[in-house]
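The values are calculated or read from the model by the stated rules, or taken from the named source; none is laboratory data. All values reported here derive from a predicted model rather than from experimental measurement. Every residue, glycine among them, receives a Cβ derived from its backbone with ideal geometry; neighbour counts consider all protein chains shown.
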Amino acid sequence: MKEILQKYPRFSRLLDQLCEQSLDQKGADEISRIVKNDPAARDYYIRYLDIHSTLHWDLAISDANPTENKQEQLQNNTRLKQLVESFVAEAALEPINSSLTTGELDTSEFVSSSRPSSSYSSRKTAGTLVAALLLTFMVSGFWALSPAKQHDPVVKQNQPGEVVTSDIATSDELVSNDSSPSPGDKQNSERMAEPDLPPKLPDIKWEQQSNPISTAQADSKKETSEPGSPSAPQLIDDRQIVEVINQRIKQGWIDQSITPSPVADDHEWCRRVYLDLAGRIPTATELSHFLNDERTGRERRLVDRLLESPEFAMSWATRWTNLLVGRSPNKHVDRLALLKYLRHSITENAPWSLVVSDLISAQGDPKKNGPANFLVAHLNNQAVPATAFVARTLLGTQIQCAQCHRHPFYETTQRQFWELNSFFKQAKVVAAPQMTTDANQQQTAYLLTDQPVGGPTYYETRSGLMQVAYPRFNGHKVSDDKTVIRRQELAKLLVEGDDPLIAQSFVNRTWSHFFGYGFTLPIDDIGPHNPPSHPKLFETLSRSFVASGYDIKRLVRWICLSRPYRLSSHPLPENRQDTPQWGDPPAFSHMYFKPLSPEQLYNSLVEISGNYPHSSDDWNRHLENRESWVLQFVESLDNDENGESNHFQGTITQALMMMNGELINRTISPDSSRFTASLIGHTGSDLKKFETVCLAILSREPKPGEIVLFRKMIHQLKGLNNPVERRRLLAGQLEDVMWAYLNSSEFIINH
């Protein structure tokens with residue numbers, strides 16, 4: 001230890017300042033460089049913090065039961081004395097506290113009678129703190145040294161006048177049997193193999209605390225960026241952004257020695273884009289129309305047509321309604337009003353920043369003002385669920401742990417959690433009696449309003465002390481005067497800058513919707529502790545999304561016209577290591593399987609039956625029936641986060657519903673299914689009828705083995721001369737084939 005202090009004379013003093021919370025940014029930078037580059041200094045750093053943690057906790061032991069704690073405290077003092085003496089002897093330091101060398105501790109100045117605790121739990125907490133610090137450093141080092149996890153290189157931008165001519169890559173452009181990189185790619189890989197920490201994305205963007213690890217990440221980001229330029233380009237040209245997506249993902253394959261799967265065939269891609277954009281599978285007619293279109297740019301035309309369709313608006317609104325208020329019924333929440341607002345917003349292509357502002361600042365009757373339902377659903381329990389939901393759903397950060405203590409990963413303290421919570425201090429849901437059309441009857445309406453309340457929010461620390469928090473976000477403090485409507489001020493702060501958290505979160509969620517996985521795992525846990533799989537691409541998309549005016553449809557178009565989205569879902573031996581389902585960062589070398597959501601399945605079954613809605617009245621009835629049907633898979637959880645459980649993916653309930661549920665029977669029975677009835681009454685060939693079933697349900701032509709089976713079934717019809725009997729047998733055969741297809745994994749998976 002003497003060598004460490006001789007080598008770094010200021011190191012001990014800097015650690016003192018760190019523990020005293022008086023360390024400035026310059027000192028934090030110095031600690032980061034020392035700890036990062038010197039293993040011996042790293043060991044000194046950990047042991048020093050171990051002692052400080054033990055002192056910090058053990059000197060705060062409650063004296064509520066002094067007789068019971070006396071012996072345990074003396075034993076702990078002996079252990080602490082040995083630890084300190086060993087450290088002091090090795091480092092040639094003056095004793096930290098003279099009382100420690102005598103075996104006696106004067107705890108009178110540190111005891112808190114309001115927080116009972118045990119020495120065991122204190123030591124355990126101190127050990128956990130040190131272990132967390134060590135783990136953080138190890139993880140940071142791993143990400144810095146692993147060649148497979150390097151940053152994406154800066155993509156060479158198009159020269160002035162250079163035009164990208166293709167929207168979708170051809171098979172030759174996308175697939176290479178030789179996985180070895182070209183000489184130019186090899187140079188890029190060697191350049192990127194230099195040790196470097198991942199760039200630090202903004203976490204909660206509140207007041208930044210001095211932290212050696214996060215500071216090192218910030219330094220790394222500065223080193224990888226050109227002076228005076230942003231770390232990632234901000235683009236608004238559609239073709240250029242699509243090309244950036246293609247190049248960055250391709251570079252990831254090269255870095256990880258992964259060969260991408262071939263391009264998906266037209267049947268597979270068409271089914272995929274219909275499910276992702278329209279929320280249902282395509283009809284046989286729609287699929288045939290796409291397949292028969294031989295003009296250049298048909299993929300772009302299909303994407304554009306679906307983006308402007310009412311079905312995209314409904315699908316997008318449904319997904320975000322589920323995210324914002326869940327699927328569980330709530331007597332104060334009008335889900336259909338929120339869905340109607342979101343559907344109108346996307347139809348009019350309202351910017352996402354405006355939608356977020358409406359969700360945060362809405363007032364009035366949630367039945368009439370759709371965005372008010374978001375906070376109405378979560379304002380219970382001192383608005384703690386509202387605070388957590390806003391952070392997780394709109395900002396992509398999980399700060400709910402900071403409600404009671406400092407977050408173990410984010411640079412977020414308990415005070416910062418309650419500072420965000422303070423923005424909702426004025427928001428209340430009040431009951432207001434209203435007259436009905438019948439003058440003799442009244443009904444109660446629940447209104448979202450802001451009370452004229454000022455001052456701070458009070459919260460209790462783990463030591464039992466009451467603290468105050470004023471409304472503050474991203475370093476900006478809002479006046480706590482009762483005349484200031486805090487939610488309106490928060491709505492303004494959320495959209496500040498060219499790469500705010502609401503943009504990062506929305507881009508991550510949107511990418512995850514189309515690929516099954518986002519740039520981070522999980523998608524609502526963005527921060528320096530959880531580096532994105534493709535940091536430069538993630539930042540480019542976020543910045544470009546903001547530069548486009550938060551244009552939701554343009555972001556969707558970029559993704560749907562990219563090469564990775566066009567890949568097949570069938571993995572190759574050369575990319576089987578691309579397994580994000582096991583927790584690995586996704587490389588997007590093939591399309592990952594995505595189970596159909598309950599809404600997608602319901603829509604698809606109704607579409608197959610030929611009863612899909614076409615008018616406003618039909619849509620309203622369709623939505624009501626779908627809401628009721630989906631509830632059988634949803635269970636509300638009684639917790640502080642207003643959570644719920646979805647029992648849809650592979651459960652017994654779902655299996656039984658698919659095998660003999662009423663909806664399945666209505667889909668295949670000629671008595672209720674227009675599709676089945678039209679097939680039976682059609683005068684064309686019987687084989688064509690079976691092929692149409694395959695095309696309508698699985699969106700592909702039947703395989704040779706299926707054709708053989710169909711011919712065997714048709715052979716049974718040839719000996720029947722009675723038209724009624726023949727019709728009955730054909731109907732039964734078609735129903736059997738439809739039932740088998742609907743219960744196949746191929747149907748219930750978006751691939």
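Points to keep in mind about this one:
- The one condition in (1) in contact with a helix residue (DSSP H, G or I) (Cβ under 8 Å, 6 or more places away or on another chain); (2) part of a helix (DSSP H, G or I) that Pro585 fails to fulfil: (2)
- 2 or more residues within 38 Å of the chain's Cα centre (by Cα) and without any contact (Cβ under 8 Å) to a residue 60 or more places away in the chain: qualifying helices (runs of 4 or more DSSP H) within the range 649-751: 652-660, 662-668, 686-698, 723-742
- Highlighted here are the helices (runs of 4 or more DSSP H) found entirely within the range 331-448 that include at least 2 residues which are modelled with pLDDT under 90 and touching a helix residue (DSSP H, G or I) at 6+ places or on another chain (Cβ under 9 Å): 384-389, 414-421.
- Selection over the range 574-590 of residues that are at pLDDT 95 or above and either surrounded by fewer than 22 Cβ atoms within 10 Å (Cβ to Cβ) or within 18 Å of the chain's Cα centre (by Cα) (or both) gives a count of 3.
- Within the range 548-571, the residues that satisfy the criterion of being in contact with a strand residue (DSSP E or B) (Cβ under 7 Å, 6 or more places away or on another chain) and surrounded by 22 or more Cβ atoms within 10 Å (Cβ to Cβ) are Arg566, Leu567.
- Cβ-Cβ contacts under 6 Å between residues 6 or more apart (or on different chains), taken from a first residue in the range 514-527 that is modelled with pLDDT of 95 or more to a second residue that is acidic (Asp, Glu), are listed as Phe514/Asp276.
- Index of the failed condition, Leu493 passing every other in (1) of a type outside the set (S, T, N, Q); (2) loosely packed, with under 15 Cβ neighbours inside 10 Å; (3) in contact with a Phe, Trp or Tyr (Cβ under 8 Å, 6 or more places away or on another chain): (2)
- Filter result for the condition that a residue is acidic (Asp, Glu), modelled with pLDDT of 75 or more and either part of a helix (DSSP H, G or I) or touching a strand residue (DSSP E or B) at 6+ places or on another chain (Cβ under 8 Å) (or both), over Glu268, Glu223: Glu268
- If you filter the range 705-751 down to residues that are farther than 30 Å from Arg566 by Cα and of a type in the set (Gly, Ala, Ser), you find that the one that is surrounded by the most Cβ atoms within 10 Å (Cβ to Cβ) is Ala731.
- Of the criteria (1) under 24 Å from the mean Cα position of the chain (by Cα); (2) part of a helix (DSSP H, G or I); (3) in contact (Cβ under 8 Å) with a residue 60 or more places away in the chain, which one Asp304 fails: (1)
- Among residues of the range 529-558 that are of a type in the set (S, T, N, Q), those with a beta-carbon under 7 Å from a residue that is part of a helix (DSSP H, G or I) at least six positions away or on a different chain give the pairs Thr540/Val244; Ser542/Ala503; Ser542/Gln504; Ser542/Val507; Ser544/Ile241; Ser548/Arg554.
- Filter pass, Ser597 being outside the structural domain of Leu695 (by TED's automatic domain parsing), of a type in the set (Gly, Ala, Ser) and within 24 Å of Phe312 (Cβ to Cβ): yes
- The single residue among Ile608, Ile552 that is modelled with pLDDT of 95 or more and touching a Ser or Thr at 6+ places or on another chain (Cβ under 7 Å) turns out to be Ile608.
- Options Thr318, Thr285: the member that is in contact with a Gly (Cβ under 8 Å, 6 or more places away or on another chain) and of a type outside the set (A, V, I, L, M): Thr318
- Search result, residues across the range 339-357 that are hydroxyl-bearing (Ser, Thr, Tyr) and within 11 Å of Lys553 (Cα to Cα): Thr347
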